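In what follows, a structure is listed as structure tokens, so that the remarks can point back to it.
Throughout, read-outs are computed from the coordinates displayed, never taken from laboratory work. The model shown is predicted, which means the values in this text are computed figures rather than measured ones. No Cβ is skipped: glycine too gets one built from the backbone with ideal geometry, and neighbour counts run over all protein chains shown.
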Amino acid sequence: MAHKFEIYKDKAGEYRVRFKYNSETMFSTEGYSSKSSAQNAIESIKKNGPAAEVEDNS
């Protein structure tokens, strides 16, 4: 699979989500205190991401 979400714990002990494409990290989220909150973030990205606007500030 070329892309995937990963849930991991950072050095502060918070759960974070990173999205990888071809083993390269494309983005990561803020820290969450619970794993279920990180899982909810993934579901929100999947649901709302495809319809998100692109803002070009260049």
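Some points to look at:
- Relative contact order [Cα under 8 Å, 6+ residues apart], segment 3-50, whole percent: 31
- For ARG18 and SER34, the difference between the fully extended length at 0.36 nm per residue and the C-alpha to C-alpha distance is 4.2 nm.
- Within a Gaussian network of the chain (alpha carbon springs, distance under 10 Å), most fluctuating of LYS20, LYS47, LYS11: LYS11
- Computing volume of the Cα convex hull per residue in Å³ for the structure here picks out one of (1) 119; (2) 254; (3) 71, namely (1).
- Counted charge near THR29, where neighbours are those whose Cβ lies closer than 12 Å (Asp, Glu -1; Lys, Arg +1): -2
- Extension gain, GLU53 back to LYS11 (0.36 nm per residue minus Cα-Cα distance, nm): 11.9 nm
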